[in-house]
1. Specify the angular offset, from 0 to 90 degrees and rounded to the nearest 10, of the alpha carbon long axis of helix 5-16 from the longest principal axis of the alpha carbons in the chain.
2. Could you work out how far apart the two model spin labels at Asp32 and Ala56 are, taking each label as a point 7 Å from the Cα in the direction of the beta carbon, and quote it in nm?
3. Expressed as a rounded percentage, what relative contact order does the stretch 1-43 have, with Cα pairs under 8 Å and six or more residues apart?
4. How big is the chain by Rg and Dmax over its Cα atoms, in Å?
5. If you count only protein heavy atoms with a 1.4 Å probe, what accessible area per residue comes out for the chain, rounded to a whole Å²?
6. Could you tell me what percent of the accessible area of the stretch 10-50 is made up of carbon and sulfur, with a 1.4 Å probe and every protein chain present?
7. Ordering Phe34, Phe95 by accessible area with a probe of 1.4 Å, largest first, what comes out?
Amino acid sequence: MSADPARAIVAQLLRATGRAGDAALVEAGGGDDFPEVAAARRLLGAVVARQERLEAGLACYADDAFWDEALPGGALAAHDRGEIARNVLAGRAIFAHRD
């Protein structure tokens, strides 16, 4: 896949629908005015943003310090009670507090 996944997806779509010339144009870096390219970029942007939120939440839970009961006040996990997971699944930032 090319460095621009949106272009690669659109090029495959165009080629599959008999628009090989347009596919070549998109692969070469053109076609920014094609609605297919704009739509693919928006959709992939949303997927990437969600993936980044999910990975950030998992990174918190995977950090040993998150579970360290020796911290003053106890482990952060005891205070979190799944709030980070609920935030990222709802599309919010990992530390979006309900207060």
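1. 40
2. Output for this residue pair reads 2.7 nm.
3. 39
4. 20.8, 65
5. That works out to 67 Å² per residue.
6. 62
7. Highest to lowest solvent-accessible surface, that is Phe95, Phe34.
The values are calculated or read from the model by the stated rules, or taken from the named source; none is laboratory data. In this text, all values refer to a predicted model and were calculated from it rather than measured experimentally. Glycine also receives a Cβ, built like all others from the backbone with ideal geometry; neighbour counts cover every protein chain displayed. Accessible surface is based on the protein model in full, side chains and every heavy atom, while ligands, DNA and RNA are left aside. Shrake-Rupley method; radii C 1.70, N 1.55, O 1.52, S 1.80 Å.
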